[in-house]
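This report refers to the structure that appears directly beneath it.
The values are calculated or read from the model by the stated rules, or taken from the named source; none is laboratory data. If you're wondering where the values come from, they're calculated on a predicted model, not measured in any experiment. Neighbour counts are summed over all protein chains in view; Cβ atoms, including those assigned to glycine, are modelled from backbone coordinates with ideal geometry.
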2 protein chains.
Amino acid sequence: MSVTPWHVTGRVDYAKIVEQFGCKSIDTVLIDRIERLTGQTAHHLLRRGIFFAHRDLNELLDAHERGEPWYLYTGRGPSSEALHVGHLIPFMFARWLQQAFQVHIVIQLTDDEKFLWKDLTVEESQRLARENCKDIIACGFDAQKTFIFTDFGYMGHMYPNVVRIQRCVPMNQVRGIFGLSGEDSIGKIAFPAVQAAPALSTTFPHLFGDRKDVRCLVPCAIDQDPYFRMARDCAPRLGHPKPALIESTFLSGLRGLDGKMSASDPSNVVFLSDTPEQIRAKVNRHAFTGGGATLEEHRKHGARLEVDVPWQWLNVFMEDSKRLEHIGNEYGSGRMLTGEVKVELANVLIQVVERHKAARAAVTDEVVDAFMLDVRT
Amino acid sequence: MSVTPWHVTGRVDYAKIVEQFGCKSIDTVLIDRIERLTGQTAHHLLRRGIFFAHRDLNELLDAHERGEPWYLYTGRGPSSEALHVGHLIPFMFARWLQQAFQVHIVIQLTDDEKFLWKDLTVEESQRLARENCKDIIACGFDAQKTFIFTDFGYMGHMYPNVVRIQRCVPMNQVRGIFGLSGEDSIGKIAFPAVQAAPALSTTFPHLFGDRKDVRCLVPCAIDQDPYFRMARDCAPRLGHPKPALIESTFLSGLRGLDGKMSASDPSNVVFLSDTPEQIRAKVNRHAFTGGGATLEEHRKHGARLEVDVPWQWLNVFMEDSKRLEHIGNEYGSGRMLTGEVKVELANVLIQVVERHKAARAAVTDEVVDAFMLDVRT
C-alpha cells in the first residue's frame, strides 16, 4: 500500500493510515454532534464512514457553537475534461456541509498544478479548469456563498499568502512529505504553498476582510492530507488557526478495490458523460464482485461484501439507507444474486449521472462567470 | 573572490569572471557600433569599461538594424529605503539606452525576493518598493516608454510565464547556480523564475501583445548573470529569443576596492539622502586612497590609481572626460594630492546626490501611479 497526493496503490488499510498520518477517526459521538448542531440527519457519506477521519473537527465545531465564522475549502486538479463519479464525492459532501452549516465555500481549480505535472499547455489547463467548473457548479452549490477560482486567474490575489507560506517551509520538508527529487522542477516544490494558501482566510479579502481568525474546514480525500499537514504547520506561524480536515476514503475502480479510480483506464471507470447503456455494460462486464463462483456456492456462503465493488459503490451512491441495508442482508446471505446487485448499482449510477448531466447543461457561461467572479475589478 | 547574486567578497578579477561565467568582454568595435547605430557618443559608463561584459549584444543590435522591436529590462530588490550612489549605476545607464535607442523599459521591484530573504513583512517590502520606485523615476525615465512594477502587484499577470519557466528548471539546476541548501525555503528556490519571467515579452501583453519574438536586453551588475543564464536556457524552450545582457562591474565601498558597496555599513557608503556635509566628511575620513604615505613619497611615485577609491568613483560619476583624464594624469604622477582628489570626488558626488534629491522631490504619488499603472483595470 502506498498513498501520496499523486498515487494510491494497493489495498488501502484506512485504520493504518489514520495511525500513520496522525489524524483521528470519526466516531458516532462526533456524527451525533454534527446532527445536533445542524438539526439535520448526517449525510450518508458521513454516516457510512466514507468520510472517516478528521483533524481538529471538534475545535471547529466548538468555534461554530460560539458563533464564530468559518468556511469550507475544497478543490480539484483539472487534468481531464471527463470527470468520473468518484470526483463527485468531495463536492457532494461539501455541498451538504455548506447547506447544513450555512457557510461560505471556496473551491480551487489547480490549473497550475496540472500544467506542472502533466504534458499540457497553460491554455489547455485553463480551458479544462473552466469545463470542470461547470461540473462543480452542477453539484448544487449556493451561488451566494460559493467562490470558485483558478490559480492562474486568482494568483494576483493569493500571491502574498503563497510567499508567506513558502518562506515558512524548507525544501527538505516538502521533499520529505511529497517524495520529490532534485530532478523535479522548482515549480513542483513550490506548488504545495499554492494549495495551502486558500486555507488562510486572508487569501479572500472580498469574503473575510482582513480577519485572520476565520477557521477553515477542508473536505478532501485522505491522500491530500500531506498538503494540509504542511498548511497546519504554517498557519499558526502566520497568525491563522490551523485548518481542520474531514477526510474520505477513495472510490476504487470497477475492477477491484485496490488503489483509487483513475480516469486513465476507461473500462475501470464510470464517467459523468457515460450513457445509460455504457454504464450498464461497464458494471456488468467489469465490476469485480465477491459473489460465489457458482450459484450453489453463492446461495450457501453469500457474497463477500468486503471485496465486492458493487456493494462498496452502492454505499457511496445509494441514498436510500433502508434499501441499502436490505441489499446488504440479502446479498451477503446469498439470497440476492450478483446480477441483481449489478442492476441495482447500474440504476443508481444512471440516476446520479443523468441528474448530473441535466444540472450541468443548465450551467451557462454566465453562471460560470458569476461563480468565478473576477474580484479584481 | 566570490561572486553570487547575494554576496560579493574579495577583490573582483573581472577578466576571470568573464572567463568563468562564459560571457564576452565589450570591446571598442562593439562600442563604435553602438555609437553608429544611435548617432550618439556612448555613455561614459560604457566608454570607461564600467559596463564591461555582455551576452548576445551583437545579435540584439543585428535585430535592431533589421528594424525589429526590443526592450530593456532591469530591476531592483527593495530591501532598504536608503539607496546609495551605487544603486544609480544600472538605472543611469538604462535610461541612456532607453533614450539612445528609443525603446520600452520594464523595471521589476522584487518585493517578494526581499520578503523571502530578509526579515521584513510583506507590507514593509511593498512600502519600500514604492519608495524605491520614486528614486528610479528620478533617474529620468521616459514616462511614455517605462513600466515599473512590483512582483506582489503584477504577479497575477506574470504567473503563467513564471510557471512555464518553473516547469523548465529542475531543483538541482537552481541549487547549482545559486548555492541553496535543503534548509532554504521553497520560496527561495522558486524565486529565480520570477526574476526570469520579465525577460519574456509575453509577460507584458499591454506592451507587446502576444508577440514572442520581441528581444530583451538586460543591463545589470555582473553578479546577476546566474539568474539570466537560467533565463537564457529556458527562453528558447518556450519559443522566445534568449535575453541579451550588458553587465557592469560593482562599485566598491569607500574604504577599499574589495567587495561591493553595501548599505549595511553606513561609513562605507554614500547615500542618496546624505547632506553635502556628510558626503564631504565620509569622503575625507573613509575613502581609501593609493596616495603616497608621505608628501615626499607621493610627489616622487604618484598615486597608485589601481587601488584608489576616489579615482574609481570619479570614473563612475564624473561625466567630464577631459577633466577626468587630467586628474588621472596629475594624480597618477603625484602632482595632484590626495586631498585635492577627495575634494573633486566630494564635489561630483554632492552634485549627483543634490540633483537626485531635487528630481525625487518632484515625483508625486500621481507620478508613481502613472509609471506603475495598474494594467489589470
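For residue A:253, are the conditions met, namely being small (Gly, Ala, Ser) and within 20 Å of the chain's Cα centre (by Cα)?
Values: small (Gly, Ala, Ser): yes; within 20 Å of the chain's Cα centre (by Cα): yes.
Judged against the criteria, residue A:253 is a match.
Within segment B:119-158, how many residues turn out to be among the hydrophobic types (A, V, I, L, M, F, W, C) and over 30 Å from residue A:122 (Cβ atoms)?
Here is the first cut: in segment B:119-158, the ones among the hydrophobic types (A, V, I, L, M, F, W, C) are B:120, B:122, B:128-129, B:133, B:136-139, B:141, B:143, B:147-149, B:152, B:155, B:158.
With the extra rule that they be over 30 Å from residue A:122 (Cβ atoms), the set shrinks to B:120, B:128, B:136-139, B:141, B:143.
So the answer is 8.
In this structure, is residue A:360 basic (Lys, Arg) and either free of Cβ contacts under 8 Å to residues at least 24 places away in the same chain or within 14 Å of chain B (Cβ to nearest Cβ) (or both)? Talk me through it step by step, then tell me what you get.
Details: basic (Lys, Arg): yes; either free of Cβ contacts under 8 Å to residues at least 24 places away in the same chain or within 14 Å of chain B (Cβ to nearest Cβ) (or both): no.
Against the criterion (basic (Lys, Arg) and either free of Cβ contacts under 8 Å to residues at least 24 places away in the same chain or within 14 Å of chain B (Cβ to nearest Cβ) (or both)), residue A:360 does not qualify.
Any residue at all in segment B:246-266 that's over 25 Å from residue B:47 (Cα atoms), at pLDDT below 95 and of a type in the set (A, V, I, L, M)?
The first filter runs over segment B:246-266 and keeps only residues over 25 Å from residue B:47 (Cα atoms), leaving B:255, B:262-266.
Remaining after also requiring at pLDDT below 95: B:255, B:262-266.
In the following step, the residues that additionally are of a type in the set (A, V, I, L, M) were identified as B:263.
Yes, because at least one residue in segment B:246-266 is over 25 Å from residue B:47 (Cα atoms), at pLDDT below 95 and of a type in the set (A, V, I, L, M).
Among the residues of segment A:256-276 satisfying the criterion of being more than 17 Å from residue A:353 (Cα to Cα) and of a type outside the set (Asp, Glu), which is nearest to the chain's Cα centre (by Cα)? First the steps, then the outcome.
From segment A:256-276, those more than 17 Å from residue A:353 (Cα to Cα) are A:256-260, A:262, A:264-265; that's our starting set.
Still in the list and also of a type outside the set (Asp, Glu): A:256-257, A:259-260, A:262, A:264.
Working: A:256: 20, A:257: 18, A:259: 15, A:260: 12, A:262: 14, A:264: 18 Å.
This residue is A:260.
Quick check: is even one residue across segment B:137-153 in contact with a Ser or Thr (Cβ under 7 Å, 6 or more places away or on another chain) and either in the same structural domain as residue B:58 (by TED's automatic domain parsing) or not hydroxyl-bearing (Ser, Thr, Tyr) (or both)? Steps first, please.
First, the residues of segment B:137-153 that are in contact with a Ser or Thr (Cβ under 7 Å, 6 or more places away or on another chain): B:151.
So of that shortlist, the ones also either in the same structural domain as residue B:58 (by TED's automatic domain parsing) or not hydroxyl-bearing (Ser, Thr, Tyr) (or both) come out as B:151.
Yes, the conditions are met somewhere in segment B:137-153.
Out of the residues in segment B:153-171 meeting the condition of being surrounded by fewer than 24 Cβ atoms within 10 Å (Cβ to Cβ) and farther than 20 Å from residue B:205 by Cα, tell me which one is farthest from the other protein chains (Cβ to nearest Cβ).
Once the filter is applied, the top-ranked residue is B:168.
From the list B:225, B:210, exactly one residue is of a type in the set (Asp, Glu) and either in a loop (DSSP other than H, G, I, E, B) or within 13 Å of another protein chain (Cβ to nearest Cβ) (or both). Which is it? Give the steps one after another, and end with the answer.
Working: B:225 fails: either in a loop (DSSP other than H, G, I, E, B) or within 13 Å of another protein chain (Cβ to nearest Cβ) (or both).
Selected residue: B:210, the only one of B:225, B:210 that is of a type in the set (Asp, Glu) and either in a loop (DSSP other than H, G, I, E, B) or within 13 Å of another protein chain (Cβ to nearest Cβ) (or both).
Take the residues in segment A:141-152 that are of a type in the set (A, V, I, L, M, F, W, C) and more than 8 Å from every other protein chain (Cβ to nearest Cβ); name whichever of them is farthest from the chain's Cα centre (by Cα).
Filtering segment A:141-152 down to residues of a type in the set (A, V, I, L, M, F, W, C) leaves A:141, A:143, A:147-149, A:152.
Then keep just the ones that are more than 8 Å from every other protein chain (Cβ to nearest Cβ); that gives A:141, A:143, A:147-149.
On the way: A:141: 15, A:143: 20, A:147: 17, A:148: 15, A:149: 17 Å.
Looking at the filtered set, the residue picked out is A:143.
Name the residue that is modelled with the highest pLDDT, counting only residues in segment B:208-226 that are within 13 Å of the chain's Cα centre (by Cα) and of a type outside the set (A, V, I, L, M, F, W, C).
B:219
Quickly run through segment A:275-334 and pick out the residues that are part of a helix (DSSP H, G or I), farther than 20 Å from residue A:253 by Cβ and small (Gly, Ala, Ser).
Selection gives A:321, A:328, A:332, A:333.
Considering only residues of segment B:306-327 that are surrounded by fewer than 18 Cβ atoms within 10 Å (Cβ to Cβ) and more than 19 Å from residue B:42 (Cα to Cα), which is modelled with the highest pLDDT?
B:326
Based on what the data block shows, is residue A:244 of a type in the set (A, V, I, L, M) and assigned by TED's automatic domain parsing to the domain that holds residue A:23? Please lay out each step first, then the result.
Working: of a type in the set (A, V, I, L, M): yes; assigned by TED's automatic domain parsing to the domain that holds residue A:23: yes.
So residue A:244 passes the test.
Yes/no matrix, rows are residues, columns are (1) β-branched (Val, Ile, Thr); (2) surrounded by 23 or more Cβ atoms within 10 Å (Cβ to Cβ); (3) more than 14 Å from chain B (Cβ to nearest Cβ); (4) in contact with a helix residue (DSSP H, G or I) (Cβ under 6 Å, 6 or more places away or on another chain):
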position	(1), (2), (3), (4)
A:69	no, no, yes, no
A:95	no, no, yes, no
A:123	no, no, no, no
A:139	no, no, yes, yes
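Being part of a helix (DSSP H, G or I) and without any contact (Cβ under 8 Å) to a residue 60 or more places away in the chain is the filter here; which residues of segment A:15-33 pass it?
Filtering segment A:15-33 down to residues part of a helix (DSSP H, G or I) leaves A:15-21, A:28-33.
Matches in segment A:15-33: A:15, A:16, A:18, A:19, A:20, A:28, A:29, A:30, A:31, A:32, A:33.
Can you tell me which residues in segment B:178-206 are surrounded by fewer than 18 Cβ atoms within 10 Å (Cβ to Cβ) and in a helix (DSSP H, G or I)?
Result: B:205, B:206.
With the requirement that a residue be in contact (Cβ under 8 Å) with a residue 12 or more places away in the chain and polar (S, T, N, Q), what does segment B:296-329 give you?
Correct list: B:312, B:315, B:321.
Run residue B:288 past the list (1) surrounded by fewer than 23 Cβ atoms within 10 Å (Cβ to Cβ); (2) outside the structural domain of residue B:340 (by TED's automatic domain parsing) and report the number of the one that doesn't hold.
(2)
Given the structure, is residue B:65 modelled with pLDDT of 95 or more, closer than 30 Å to residue B:211 by Cβ and surrounded by fewer than 13 Cβ atoms within 10 Å (Cβ to Cβ)?
Values: modelled with pLDDT of 95 or more: yes; closer than 30 Å to residue B:211 by Cβ: yes; surrounded by fewer than 13 Cβ atoms within 10 Å (Cβ to Cβ): yes.
Taking the combined requirement at face value, the residue satisfies it.
Among the residues of segment A:194-207, count how many are within 13 Å of chain B (Cβ to nearest Cβ) and not hydroxyl-bearing (Ser, Thr, Tyr). Steps first, please.
Restricting attention to segment A:194-207, the residues satisfying the condition of being within 13 Å of chain B (Cβ to nearest Cβ) are A:194-197, A:200, A:202-203.
Those left that are additionally not hydroxyl-bearing (Ser, Thr, Tyr): A:194-197, A:200.
Looking only at that region, the number is 5.
Just to be sure I understand the filter: pairs with C-beta atoms under 8 Å, separated by 6 or more residues or on different chains, first member in segment A:172-193 and within 8 Å of chain B (Cβ to nearest Cβ), second member loosely packed, with under 15 Cβ neighbours inside 10 Å and part of a helix (DSSP H, G or I). Which pairs pass?
As it stands, the answer is A:182/B:172; A:183/B:172, since those pairs meet every condition given.
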